[in-house]
Structures are given as structure tokens and as C-alpha cells.
1. Once the whole set of protein chains is in place, how much accessible area is left on Glu157, using a 1.4 Å probe, in Å² to the nearest 10?
2. Could you state how much accessible area Arg71 has, in square angstrom rounded to the nearest 10, with a 1.4 Å probe and all protein chains kept in place?
3. Show Asp89, Asp73 ordered by accessible area, largest first, where the area counts protein heavy atoms only and the probe is 1.4 Å.
4. Output wanted: per-residue J couplings in Hz (rounded whole) for region 152-157, from phi through Karplus 6.51 cos²θ - 1.76 cosθ + 1.60, θ = phi - 60°, x for Gly and Pro.
5. Sorted by accessible area (1.4 Å probe), largest first, how do Leu159, Leu147 line up?
6. Ordering Thr74, Thr34, Thr100 by accessible area with a probe of 1.4 Å, largest first, what comes out?
Amino acid sequence: AGCNFPSKAQMRLVLDENFDTGGIDTNSTWTFITGKCDEPTFIIIGDDTIPQCFWDDQEQQFFTNRTENARVDTGFLILTGVYENPLFDGERYTSARLSTQNNISLNSGLIEIRAKVPAGQGFWPSVFLEPANKASTDIFGSAELGLMKSNGNNTTEILSYISYVDSLDNET
């Protein structure tokens with residue numbers, strides 16, 4: 001109500017990644033986030049101590065940069081969760097996590113995403129935006145804009161969300 005958003009024709013495309021270069025550009029666009037958050041670091045906001053590992057939702061997978069977990073094929077980025085037998089670095093499940101952090105910073109513009117997501121228990125693929133300075137102590141420094149989140153058990157819905165701190169001690 002009261003918002004005047006520009007039409008799609010008026011917006012400027014700010015990132016055009018079609019994965020048609022033959023690989024994942026880790027020089028200027030993408031960074032692999034590897035491992036898992038077993039021991040988070042902490043930031044202090046007011047009187048609160050908050051874990052800084054925002055990407056851990058108690059997932060069972062271990063994120064790698066292996067081609068078994070992330071590859072490009074005919075213009076598509078393919079992220080694959082793998083059941084490891086034998087274990088990989090002591091972990092049963094591996095997957096991949098990519099970020100544009102420290103490579104691309106957006107203020108406004110058009111973002112289009114096309115994704116095919118898996119169905120089945122345990123799958124929660126997502127695409128989200130975070131502030132460039134995630135460790136910031138202001139309200140927006142802890143925000144996350146979920147562009148797409150899918151629950152593999154429910155193939156009829158795609159979720160979008162905004163997660164933020166409504167004061168320095170309450171997450172919404």
C-alpha cells in the first residue's frame with residue numbers, strides 16, 4: 001500500500017549469470033562456502049552474544065567445492081547432494097553452497113532466477129540475499145531476503161520470506 005514499484009521494463013538487470021561460460025566463475029562472481037558450522041564465532045549486539053554462523057540450520061551435509069557436488073552442464077548450474085559411502089572427511093552427506101559475497105554487491109535492480117528443485121524428504125533448496133556486511137550490528141546487517149525456498153515434501157509451494165532483527169535483541 002502506497003508503494004510505487006517500477007515495472008519490469010523500467011528495471012535494470014544487475015546480474016546476468018547463465019552459466020554458459022563452461023564453468024563456475026570463482027574469479028569474479030562465485031565463492032564456494034565449504035565445511036559446516038560446528039563451532040560458530042560470536043558477535044556482541046548490546047548485551048547479547050549471537051553466533052555468527054548464520055548459514056547453519058543444523059543441516060547434515062558438509063559443503064564442498066568438488067565437481068561431484070557442483071558443476072555446470074549445458075548452461076545449468078547443477079548442485080548435487082551426495083550420500084557418501086565411505087564417509088567424506090568423516091561426513092555422511094555432502095553438497096555445495098555458493099555465494100557472491102565479496103564479489104557482487106547490489107543496491108537495486110532486477111533479479112531473475114530460474115531453478116529446478118528436487119522433491120523428497122530432507123531437501124530445502126534456497127536462493128537468498130544477505131547484506132554485504134552480514135556481521136553488522138544494525139537491524140539490516142542481520143537481514144535476509146529469501147527469494148526462493150522449497151520444501152521437498154511439498155512440491156506445490158515455493159516460499160519467499162524476509163528475516164530481520166526488529167530490535168537489536170529480537171529476530172523476526
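1. 100
2. Near enough 100 Å² of accessible area.
3. Numbers: Asp89 115, Asp73 65 Å².
Per-residue accessible area, sorted high to low, gives Asp89, Asp73.
4. 3J(HN,Hα) across region 152-157, in whole Hz: x, 7, 10, 8, 9, 10.
5. Working: Leu159 75, Leu147 55 Å².
Greatest to least solvent exposure: Leu159, Leu147.
6. Numbers: Thr74 115, Thr34 75, Thr100 35 Å².
Largest to smallest exposure gives the sequence Thr74, Thr34, Thr100.
The values are calculated or read from the model by the stated rules, or taken from the named source; none is laboratory data. Source: prediction; values computed, not measured. Accessible surface is based on the protein model in full, side chains and every heavy atom, while ligands, DNA and RNA are left aside. Shrake-Rupley method; radii C 1.70, N 1.55, O 1.52, S 1.80 Å.
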